[in-house]
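Asks: My questions all concern the structure below.
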Amino acid sequence: MRAAVIIGFDKPVEIQEVPVPEPEPFQVLVRIEASGLCHTDIHAAHGDWPVKPSLPFIPGHEGVGVIEKVGSAVTDRAVGERVALPWLGYACGTCEYCVSGRETLCESQQNTGYALNGGHAEHAVAHAAYVVPVPDGVISAEAAPLTCAGVTTYKAVKVSGLRPSERAAIFGIGGLGHLALQYARIFGGRTIAVDVTEDKLQLARDLGAAHTINAAATDPVAEIQALGGADVAIVLAASPRVLEQAHASLRRGGRLVLVSLPKDNAMSLPIFQTVLGGISVIGSIVGTRADLAEVFQLHAEGRTKVIYETRKLEEINRSFDDVLAGTVPARLVFEL
Ligand code: ZN
Ligand code: ZN
């Protein structure tokens, strides 16, 4: 099968012909149809994070395809079913976090496209219990971005506790942000989109943002405070400075949700404003299988729109460059 293989953290991605993997007893083999490119794939390929993947490996945690073979112990999935292979590729199922609906915090978890080979290939094996069925009304090319960008932002809005009539500021309108904005609207929030490029802000307006702010041209903190301050700020731009701006744009009782993982692992947090303003700072990591099923359901009902462009797997290196340059529409999806 054709696969995008990372052979070194400072080397280009190689398209290689590799053997189709065999599913273990509790795994399924999936013929991948679409695989979304997430910024995390680039961090994985470059070895940017403290715990690096072992080489060589196949990235991708937005793979969607059809089950072609099931392992001997699999009873709850069947050949022919279309499924998504999310970042949470395996969790223990028995720890305190797993049994309390917080499987994304499991300390024994294994991540797709990182510790486990991922979806940027014609086939992938996955733990049967951690693939999520894709409903018929959702095409694979759109299911792919929902598998990480969708569920991650849906969960971020959920944990923010956003209530109808509250103001939600979304910092960074890209692959994640354009979905965060839509979920914030579904939860009833009045949305403020912040970005540094006009076309992303136009996209936000097309998707129904009540306010848009170009942070390259104006001070987003002053603009948001002039509106009365944000009740919720969700940060998808990978920059500590943006996190600090988002914090400063909150009103009293506000909630700052951290999603992006910048290379610089520190932000400065003003203690007085946080304490006196009763500000909550919340970290949110992807979402559970149940969250992803909800995300697919909303999309099947026509309540969300995925903005994406399809590419060939052979274009992966150029696609990495385009994502880093910020020149892509919202999400890139490899068609296999
Ligand atoms: Zn991702
Ligand atoms: Zn666990």
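Nothing in this text is a laboratory measurement; each read-out follows from the coordinates by a stated rule. It should be emphasised that the depicted structure is a prediction, and the values quoted were computed from it without experimental measurement. Quick reminder, even Gly has a Cβ in these numbers, built from the backbone with ideal geometry, and neighbours come from all protein chains shown.
Asks: Given H placed 1.01 Å from N in the peptide plane, which residues other than close sequence neighbours of residue 167 have an amide H under 5 Å from its amide H?
Replies: 190, 231, 232
Asks: Would you mind checking which residues have amide H under 5 Å from residue 69's amide H? H placed 1.01 Å from N; only 5 or more apart, or other chain.
Replies: Sorted by chain and number, the residues that satisfy this are 29.
Asks: Sticking with this one: Taking θ as phi - 60°, what are the ³J(HN,Hα) couplings along the range 193-209 by the Karplus curve (6.51, -1.76, 1.60), each to the nearest whole Hz, with x for Gly and Pro?
Replies: For the range 193-209, the Karplus curve yields 9, 10, 7, 10, 10, 5, 5, 5, 5, 5, 4, 4, 5, 4, 8, x, 4 Hz.
Asks: Where does the charge balance sit around residue 98 when Lys and Arg score +1, Asp and Glu -1, over other residues with C-beta under 12 Å from its C-beta?
Replies: Value of the local net charge: -1.
Asks: P(r) tail for the range 150-283, what percent of Cα pairs lie past 23 Å?
Replies: 21 percent
Asks: Follow-up. So what is Rg over Rh here for the chain, counting just Cα atoms and using Kirkwood for Rh?
Replies: A ratio of 0.97.
Asks: Considering only the other residues whose Cβ falls under 13 Å of the Cβ of residue 82, what net charge follows from Lys and Arg at +1 and Asp and Glu at -1?
Replies: Result for the local shell: -3.
Asks: Using Cα pairs closer than 8 Å and at least 6 residues apart in sequence, work out the relative contact order for the chain, in percent.
Replies: 18 percent
Asks: Taking θ = phi - 60°, what integer Hz values does the Karplus form 6.51 cos²θ - 1.76 cosθ + 1.60 yield along the range 41-47, in sequence order, with x for Gly and Pro?
Replies: Karplus values, whole Hz, x for Gly and Pro: 4, 6, 4, 5, 5, 8, x.
Asks: Amide H to amide H, which residues 5 or more places from residue 89 or on other chains are under 5 Å from it, using H placed in the peptide plane?
Replies: 110, 111, 112
Asks: In the neighborhood of residue 165, defined by Cβ-to-Cβ distances under 14 Å, what is the net charge if each Lys or Arg adds +1 and each Asp or Glu adds -1? Present the calculation step by step, with values, prior to reporting the outcome.
Replies: Values: positive: 163, 167, 185, 190, 251; negative: 166, 231.
With Lys, Arg at +1 and Asp, Glu at -1, the neighbours total +3.
Asks: Another question, if that's okay. Could you tell me the center-to-center distance, by alpha carbons, between the range 48-66 and the range 71-105 in angstrom?
Replies: Cα centroid to Cα centroid, the span is 17 Å.
Asks: Among the aspartates and glutamates, which fall within straight-line cross-link reach of residue 158, defined as a Cα-Cα distance under 13 Å, with same-chain neighbours fewer than 8 residues apart omitted?
Replies: Candidates past the 8-residue exclusion: 291, 294.
Asks: Another question, then. The range 277-336 to the range 170-231: how many Å between their Cα centroids?
Replies: 17 Å
Asks: For the chain, what proportion of DSSP beta bridges, expressed in % and rounded to the nearest 5, is antiparallel?
Replies: 50 percent
Asks: Related question: What three numbers, in Å, describe the spread of the alpha carbons of the range 1-120 along their principal axes, ordered from the longest?
Replies: Principal axes ranked by extent give 40, 33, 21 Å for the Cα atoms.
Asks: In whole Å, what are the Cα extents of the range 174-230 along the three principal axes, biggest one first?
Replies: Here the Cα extents, ordered largest to smallest, are 26, 24, 16 Å.
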